[in-house]
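In what follows, a single structure is set out as structure tokens and then discussed.
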Amino acid sequence: MEGRRSCDHEKPQDALLSRREREVLHAIALTGSLKQTADWLCITQSTLKKHLASARRKLGVDNNIQLIVKAIRNRLLDVEALSAFEDEAMAPK
């Protein structure tokens, strides 16, 4: 297509992920468990796996560990914010 070029390579990586994919990424990083994450987000494990697969594809990684590591390295996940949120979310009520 003349006069048009793809700029996908210029987008920040967080712009590649949908809001829900970012939410799923934060939740799985906190819980470490598909079941807990799905329950926490009120979605099925199947839906959760679809969101994770889409995020892995977009970030070019093969598994959830690589996804979380790449997200931290690329500042898609804020480790300090996760720690603070975990402390609050996991505190006895």
In sequence order, what are the phi-derived ³J(HN,Hα) couplings for region 24-40 according to the Karplus relation 6.51 cos²θ - 1.76 cosθ + 1.60 with θ = phi - 60°, rounded to whole Hz, with x for glycine and proline?
4, 4, 4, 5, 5, 5, 6, 8, x, 10, 4, 5, 4, 5, 4, 4, 4
Say R0 is 25 Å: what FRET efficiency, to the nearest 0.05, do Thr47 and Ala81 get from their beta-carbon distance?
0.55
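Values quoted throughout were computed directly from the atomic coordinates according to the rules given, and no laboratory measurement underlies them. None of these values were measured; they are calculated from a predicted model. Glycine also receives a Cβ, built like all others from the backbone with ideal geometry; neighbour counts cover every protein chain displayed.
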